[in-house]
Amino acid sequence: MPNNNAQLEWQDGQPYSTSYADVYFSRDSGLDETEHVFLKQNYLKERWLVLEEECFTVAETGFGTGLNFLCAWRLWSECAPEIARLHFVSMEKFPLAYEDLKRALDLWPQLAIWRDQLLAQYQWLTPGFHQLKFNQGRVILTLLIGDIRDTLPQLKASVDAWFLDGFAPAKNPEMWQPALFENMARFSHAQTTFATFTSAGDVRRGMQAAGFSANKVPGFGRKREMLCGHFVGTNRPKLLADDKRAIVIGGGIAGTASSHALATRNWQVTLIERHSGLAQEASGNPLGVLYLRLSGQDIVLSRLAMHGYLHSLRLLQNLKLSKADHNPCGLLQLAFDARELERCKAITARGFPPELVNYVDAVEASRLAGINLSHPGLHFPASGWVNPPAFCQALASHENIKLVTSAHALRIERHGTLWQVWDDSRLLGEAPVIILASASDSKGFRQTSHLPLDPVRGQITTLEQTASSQFLKTVICTDGYISPATKGIHTLGATFSADDLSTEVRESDHSNNLAMLRRLSPELHQTLSSQAHGGRVAFRSTTPDYLPMAGPMLDAESLSANPPRHNANPESLPWLEGIYINAGHGSKGLINAPLCAEILACAINGEPVPVDRKLLGALDPNRFLLRKMGLKRLIQGLAAYPLM
């Protein structure tokens with residue numbers, strides 16, 4: 001399997017890259033070097049002491065040992081306003097393995113408080129974007145794992161300070177190219193600064209050509225000179241919201257996650273739910289599985305599955321649900337036929353970290369499951385099950401969230417700069433921002449009636465455990481799933497019935513679930529099929545391309561009346577300014593809805609978005625309308641457009 005971790009030697013107790021034949025930090029003092037080169041020359045202490053904005057973004061080319069991040073975090077905790085958040089975006093082609101990172105950071109015991117928090121979340125680093133949150137979201141680290149030539153162009157952010165790090169230009173010429181400086185300029189504004197340890201002429205000229213001033217100042221230690229400066233181009237600064245009120249419609253996972261993501265950013269959120277409590281629809285099932293279906297290739301569906309899964313794992317790690325509500329017992333996807341076996345082997349060949357997913361034979365699968373299994377498959381050690389109502393409750397339990405229940409939002413109207421939400425005759429709330437997160441009901445408003453959101457019926461089956469089934473230790477999946485018993489009950493499911501709006505629990509669907517169990521494990525089927533059982537019906541919300549909708553809404557009526565050209569400037573399009581949607585998650589709400597909530601919150605609040613722009617375009621809720629109008633090329637352009 002490929003190994004994307006950094007290849008190191010340890011010289012005098014310090015890490016040395018054998019790939020680049022270079023050191024990660026100064027032999028004299030890496031910590032003092034960071035403070036002189038990056039913190040001092042970007043004037044971070046002076047800027048943070050008088051910071052008025054609620055978000056400050058640092059972008060770094062080369063995460064390495066994480067030393068620069070920890071030093072910036074320490075300074076931030078000392079002098080930044082309590083209400084502000086630090087976004088630290090760092091790119092790394094070859095991340096250090098966990099043990100190497102720990103060994104490197106152990107050199108600085110004065111950073112132990114911050115080091116230990118980083119190490120607690122430093123895991124599962126697959127290629128792509130990873131968002132790690134610390135201090136209840138006051139510090140956010142976004143790691144872009146991969147070649148900077150691929151990852152940096154996919155970033156969507158407004159950067160306030162650049163740490164231009166990475167190995168020396170002579171050692172790593174692929175990075176220090178004009179494209180790097182040009183991309184830096186795209187994300188910079190009039191107050192953006194940069195600093196770098198090098199004073200190489202090519203770097204200075206490249207920065208100047210891209211629109212930065214580049215000045216030589218005294219370097220650190222044995223380096224006589226270094227470069228620093230600021231952006232002198234005309235990019236506009238990031239847009240900030242003055243009125244930080246929002247309304248979220250829908251009390252399931254999508255709605256509570258959207259509310260939580262905004263509330264942690266100091267937004268005052270009104271969460272409207274038509275039922276008497278949270279999680280009464282599909283999010284009300286007694287148990288949900290953290291299930292991701294990967295592909296042997298890097299396709300959009302597979303990338304979304306991985307990003308969403310990792311985001312939910314980290315979110316659950318921070319929420320700290322009780323053991324009764326979240327069990328990371330692991331999950332087995334069994335290769336029950338030749339096609340599934342081929343897929344499992346193709347996924348294994350992609351070289352994901354074994355602590356994330358690994359291939360196991362039938363003997364090992366049986367050991368992990370605690371019962372006899374006849375198929376090999378994929379093991380996801382960190383997966384498991386969650387109680388969705390408890391998940392929703394934890395997400396909504398924030399002082400900035402006001403829950404309004406038994407309130408049926410029926411129409412949305414514009415009133416000045418605000419959106420108003422009404423039932424038949426009662427004003428339920430008003431705010432500049434609305435997020436629609438009520439599954440297929442999200443298309444029940446005039447502004448969203450064109451959205452192709454369709455309900456799909458699903459029925460689960462619950463079965464009392466038996467003397468032998470109680471030994472099941474992991475979730476097992478084929479074309480359905482069975483969970484280990486919790487409180488003496490196994491959950492089995494689920495059916496998938498389009499064009500069926502019946503809420504009746506049917507014996508025929510129980511039979512279908514039991515037939516799936518027979519394919520999954522004849523042994524479990526034999527012992528459980530005669531047990532007393534119950535069930536529950538819920539409706540998933542799906543889209544034609546099986547991808548959710550997450551983003552801002554265009555005015556479909558205005559767009560249809562005045563069709564734009566395929567190369568139109570996104571700013572010229574008729575936006576429903578302030579209306580967003582988080583819906584269409586199908587059976588993947590547990591792993592996709594929280595990530596989509598974070599995407600919306602970051603974009604609304606002018607922060608770096610935690611996924612690449614290509615994935616943003618794939619999730620754009622306007623994609624179906626634009627395709628229908630023959631404007632497919634506009635969709636990726638929208639991904640580069642500021643959402644506020």
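The values are calculated or read from the model by the stated rules, or taken from the named source; none is laboratory data. The structure displayed is predicted, hence computed values, not measured ones. Here the Cβ is made from the backbone with ideal geometry for all residues, glycine too, and neighbour counts use every protein chain on show. Protein only, heavy atoms only, side chains kept; ligands, DNA and RNA dropped before computing areas. Shrake-Rupley method; radii C 1.70, N 1.55, O 1.52, S 1.80 Å.
What strands (runs of 3 or more DSSP E) completely inside the range 334-426 contain at least 1 residues that are buried (at least 17 other Cβ atoms within 10 Å of the Cβ) and polar (S, T, N, Q)?
Once the strands (runs of 3 or more DSSP E) in the range 334-426 are filtered for at least 1 residues that are buried (at least 17 other Cβ atoms within 10 Å of the Cβ) and polar (S, T, N, Q), what remains is 418-422.
Restricting the search to the range 110-137, which residues are under 17 Å from Ser77 (Cα atoms) and either at pLDDT below 95 or touching a Phe, Trp or Tyr at 6+ places or on another chain (Cβ under 6 Å) (or both)?
Trp114, Gln117, Asn135, Gln136, Gly137
Can you pull out the residues in the range 135-156 that are closer than 14 Å to Arg85 by Cβ and either more than 15 Å from the chain's Cα centre (by Cα) or without any contact (Cβ under 8 Å) to a residue 12 or more places away in the chain (or both)?
Of everything in the range 135-156, those that are closer than 14 Å to Arg85 by Cβ and either more than 15 Å from the chain's Cα centre (by Cα) or without any contact (Cβ under 8 Å) to a residue 12 or more places away in the chain (or both) turn out to be Asn135, Gln136, Arg138, Val139.
Counting just the residues of the range 172-228 that are under 25 Å from Phe56 (Cα atoms) and of a type in the set (Ser, Thr, Tyr), which one comes out surrounded by the fewest Cβ atoms within 10 Å (Cβ to Cβ)?
Selected residue: Ser213.
Restricting to the range 593-610, name every residue that is open to solvent by 10 Å² or more (accessible area, probe 1.4 Å) and assigned to a helix (DSSP H, G or I).
Ala603, the sole residue that qualifies.
So if I check each of Ile599, Ile604, which one is within 13 Å of the chain's Cα centre (by Cα), among the β-branched types (Val, Ile, Thr) and under 23 Å from Ile140 (Cα atoms)?
On inspection, the qualifying residue turns out to be Ile599.
Quick one: Leu451 ticks every box in (1) open to solvent by less than 20 Å² (accessible area, probe 1.4 Å); (2) in contact with a helix residue (DSSP H, G or I) (Cβ under 6 Å, 6 or more places away or on another chain); (3) part of a strand (DSSP E or B) except a single one, so which number is it?
Checking Leu451 against (1) open to solvent by less than 20 Å² (accessible area, probe 1.4 Å); (2) in contact with a helix residue (DSSP H, G or I) (Cβ under 6 Å, 6 or more places away or on another chain); (3) part of a strand (DSSP E or B), the one that fails is (3).
Anything in the range 611-641 that is surrounded by 16 or more Cβ atoms within 10 Å (Cβ to Cβ) and either within 13 Å of Asn567 (Cα to Cα) or among the aromatic types (Phe, Trp, Tyr) (or both)? List them, or say none.
The answer is Phe624, Leu626, Leu631, Leu634, Ile635, Gly637, Leu638, Tyr641.
Among helices (runs of 4 or more DSSP H) lying entirely in the range 72-155, which contain 1 or more residues that are surrounded by 22 or more Cβ atoms within 10 Å (Cβ to Cβ) and aromatic (Phe, Trp, Tyr)?
Passing ranges, in order: 112-121.
Taking the range 499-508, which residues are within 21 Å of Val289 (Cβ to Cβ) and out of contact with any Gly (no Cβ under 7 Å at 6 or more places or on another chain)?
none
Sort out for me the strands (runs of 3 or more DSSP E) sitting completely within the range 162-276 that have 3 or more residues that are in contact with a helix residue (DSSP H, G or I) (Cβ under 8 Å, 6 or more places away or on another chain).
Result: 193-196, 225-230, 245-249.
Any residue at all in the range 463-478 that is touching a residue at least 60 places away in the same chain (Cβ under 8 Å), among the hydroxyl-bearing types (Ser, Thr, Tyr), surrounded by fewer than 16 Cβ atoms within 10 Å (Cβ to Cβ) and over 17 Å from Ser587 (Cβ atoms)?
Yes, the conditions are met somewhere in the range 463-478.
Residues to consider are Glu46, Glu53, Glu33, Glu9; find the one that is acidic (Asp, Glu), out of contact with any Gly (no Cβ under 8 Å at 6 or more places or on another chain), farther than 19 Å from Thr142 by Cα and in contact (Cβ under 8 Å) with a residue 40 or more places away in the chain.
Exactly one of Glu46, Glu53, Glu33, Glu9 is acidic (Asp, Glu), out of contact with any Gly (no Cβ under 8 Å at 6 or more places or on another chain), farther than 19 Å from Thr142 by Cα and in contact (Cβ under 8 Å) with a residue 40 or more places away in the chain, namely Glu53.
For the range 285-305, what are the residues that are among the aromatic types (Phe, Trp, Tyr) and surrounded by 22 or more Cβ atoms within 10 Å (Cβ to Cβ)?
None; the set is empty.
Pick from Gly330, Gly308: which is at positive phi and surrounded by 15 or more Cβ atoms within 10 Å (Cβ to Cβ)?
After ruling out the rest, the residue left standing is Gly330.
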